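What follows is a single structure, written as structure tokens, with notes after it.
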Amino acid sequence: MTVAVQQEDLQLLSRTLQEQFLAEVPSGEFFQIKCAVNKDELMILAQHPVSVKADTEQIFAVLEEALQSLPPYRDQKVQCFLRITSEKLPYAKRSLVMKGHGQPKNPVFGKENQDQENLLDEEPESLSSSSLVFPPHYSDPDDAVAQEEDVFDPLAGTPDLLTTPPKRSLNPILLSALVGITVLGGAGGYFMTRPCVMSMCQELQAAQKLNTQFRQLISRAKSTNELTTVQQQLETTSAALVIIPGWSSYHQQAEELKTSLSGQAQRINQVTKALQAASAAEEKMQTPANNQAELQARQQLWRQAITPLEAISPNNDLYRLVQPKLLKYRIQLQNINQQILAQEKWQKKLVDAKGVASVANKWETTAKTLQDWQKLQSTWQVVVNALNVIPPSSPASSEAQQLLLEYRPKLARARDRVTIEQLAGKSYQQLLIIASQAKAYEQKQEWQAAVIYWQQAVQTAKQISNNSLYYNQAQSLIAPYSASLQQAQEKLQLNNSWQQTRADLNKTCNSELKICTFTVDDKGIMVKITPEYEQVLQTNTPQSNTEDAESAVGVANHWQRLQEALTIISQNANLPLFIYNSQDQVIYMQTPGG
């Protein structure tokens with residue numbers, strides 16, 4: 001559709017320019033116009049036989065003025081070329097930059113084309129960015145020598161849109177030969193007395209008068225109804241000429257008039273049908289098109305309006321009447337063509353969005369990982385964005401809005417799922433880190449910290465969403481983490497109960513001389529005699545000396561009280577007591593109740 005519409009626009013432009021040449025360029029009927037698009041740039045070629053002398057400045061001015069009157073080609077750069085019909089390469093070129101409405105009509109020439117009127121006397125140069133080379137100076141195309149066989153032709157390969165100029169018809173010669181008729185009497189006398197045989201008849205006179213006044217009648221017609229009235233007059237007057245017999249001296253003249261009047265009536269009929277089609281198209285264009293079919297129907301109406309009018313040649317009396325309308329109708333058709341191209345673009349975007357949505361619907365049923373949901377979210381976002389840009393004026397807008405009602409919730413669900421999975425994944429990783437820290441505090445027997453971290457680990461596992469892919473993994477950790485929490489709490493409780501035991505031990509083991517060190521755990525109380533106290537015990541054994549004996553008794557009594565004090569502390573803590581010497585040998589042991 002896109003290529004077909006572009007070719008139609010180029011054909012319309014070629015015909016319009018051809019008609020402009022017929023009206024304004026001397027020997028314009030010998031020129032042929034070709035329009036093409038090369039690399040998104042409009043190119044116009046005018047060619048003529050070698051026998052026709054062309055005023056390049058006038059030709060380029062006619063092309064520029066015609067393009068300036070066509071809104072679709074304003075603000076557009078156009079390359080114009082002149083060449084001899086039998087030659088491959090142009091001999092003159094001009095770049096025109098059309099200005100918008102209200103700007104001067106003078107073309108803005110490319111830098112390389114300033115002061116350029118004819119390339120016959122200039123050196124070859126490159127056109128645009130292509131390697132088009134003009135042949136050197138020649139006045140006759142037979143003298144031109146091709147520089148290379150593969151020289152670039154700017155219009156090579158484009159569809160052949162050359163228009164054939166309408167032939168100028170000649171006015172009919174209304175002559176009749178007088179035929180001598182020998183009347184032999186009887187029946188011959190009857191034929192001689194019939195109307196329009198020997199004398200002028202009213203029907204022929206009426207036909208001649210109408211044929212003479214036709215141009216004036218056409219110029220006065222301002223509406224389709226008035227044209228129809230003229231058409232009916234032509235048909236009625238033409239039909240009345242049937243009464244003229246074939247042997248009448250006026251028969252040939254009547255036949256020529258009948259042919260002329262019938263042809264004029266037929267052409268008026270073509271014009272009225274074209275005007276009716278245009279009127280129907282204009283009426284439809286009062287309201288926006290709801291779909292592509294309506295645009296194509298309007299396009300067809302404009303084509304039905306244009307085609308009959310294009311058949312009216314410049315030498316026809318109807319030409320001046322239809323030519324302004326033809327230009328207007330062509331512009332309307334080009335506008336419709338542009339709308340169709342735009343709507344095809346939006347329709348394609350709608351179809352593409354539906355295709356992507358179909359893929360997203362399939363992915364939605366198989367998404368498992370966070371990456372799957374992120375991909376699904378991104379895909380739905382592409383679909384929604386594509387539908388959002390379809391303008392309300394497009395026939396595709398209605399369906400796009402309906403699809404958005406369906407697709408936006410899907411995008412929201414995918415976005416929410418991505419958020420859930422991201423939060424769940426983050427929480428699960430935090431859960432593992434917290435549990436690892438709780439275990440580290442257990443190893444250091446820091447039970448208070450261990451209890452706090454195990455509590456956080458259990459709570460985090462319970463908070464992971466049941467819609468998340470991490471839910472089952474987190475649930476499987478709740479039981480072991482809860483057990484570790486309970487164990488840590490028990491340890492903490494024991495540890496708290498041993499605070500008094502440690503205080504008593506600390507008081508017992510420390511005096512002026514450090515007597516012992518200790519540890520307390522669930523295995524019991526481990527007391528170790530310091531080397532200093534052990535040396536006191538060894539050096540104060542009983543001697544003969546009374547003073548030494550008293551000292552030894554004192555040390556023995558101290559050792560005995562130490563044992564008794566440690567035994568009481570172990571019984572209060574309900575823990576076994578182990579006393580070690582400095583060499584880690586058990587020298588005393590007491591179990592609860594022992």
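Only one residue of Q339, L318, M285 has its Cα farthest out toward the positive end of the dipole of region 249-363, where Lys and Arg carry +1 and Asp and Glu -1 on Cβ, and that residue is Q339.
With +1 on each Lys and Arg Cβ and -1 on each Asp and Glu Cβ, and nothing else charged, work out how big the dipole of region 429-514 is about its Cα centre, in Debye to the nearest 20. Don't skip to the end; give the middle numbers.
On the way: 7 positive and 5 negative charges, 11 e Å.
The calculation lands at about 60 debye.
Listed by Cβ neighbour count within 10 Å, with the fewest neighbours leading, W363, W247 appear as W247, W363.
Whole-Hz Karplus values for region 311-324 come out as 6, 7, 6, x, 8, 7, 5, 7, 4, 5, 6, 8, 4, x Hz, taken residue by residue from phi with 6.51 cos²θ - 1.76 cosθ + 1.60 and θ = phi - 60°; glycine and proline positions read x.
With a Förster radius of 60 Å applied to the C-beta separation of V242 and L405, the computed FRET efficiency comes to 0.30.
Cβ crowding within 10 Å, taken as a proxy for footprinting-reagent exposure, orders I569, I420 from fewest neighbours to most as I420, I569. Each of Q489, A474, T517 was placed along the dipole of region 458-593 (beta-carbon charges, centred on the mean Cα), and the one lying farthest toward the positive end is A474. Neighbours of Q377 by Cβ distance under 14 Å: Lys/Arg scored +1, Asp/Glu scored -1, total +2.
The lysines whose alpha-carbon is closer than 18 Å to the alpha-carbon of K514, local same-chain residues fewer than 8 away aside, are K528.
Working out 0.36 nm times the residue gap between K462 and K345, then minus their Cα-Cα distance, what length gain in nm do you get to one decimal? Could the numbers behind the result be given before it?
Working: separation 117, 0.36 × 117 = 42.12 nm, distance 5.21 nm.
Full extension of this stretch gives 36.9 nm more.
Over all other residues within a Cβ to Cβ distance under 14 Å of K258, the charged ones net out to -4, with Lys and Arg as +1 and Asp and Glu as -1.
Hey, with R₀ at 56 Å, roughly what FRET efficiency would Q489 and K354 work out to, going by the Cβ-Cβ distance, to 0.05? Please report the intermediate quantities before stating the final value.
Values: r = 60 Å, r/R0 = 1.07.
Given R0 = 56 Å and the Cβ-Cβ separation, E is 0.40.
Pairs with C-alpha atoms separated by more than 20 Å, drawn from the list K77/K348; K39/K77; K34/K348; K462/K491, are K77/K348; K34/K348; K462/K491. Counting 0.36 nm for each residue step from Q563 to E532 and taking away their Cα separation leaves a gain of 9.4 nm. Given R₀ = 25 Å, FRET efficiency for D55-N335 by Cβ-Cβ distance, to 0.05? Efficiency, rounded to the nearest 0.05: 0.15.
For K222, a cut-off of 29 angstrom between C-alpha atoms picks up these lysines, skipping any fewer than 8 places away in its own chain: K167, K209, K258, K273, K284, K325, K328.
Any read-out appearing in this document is the output of simple, stated calculations on the displayed coordinates, not a laboratory observation. Predicted model, so just to flag it, every value in this text is computed and none were measured. Heads up, the Cβs are rebuilt from the backbone with ideal geometry, glycines too, and the neighbour counts pull from every protein chain shown.
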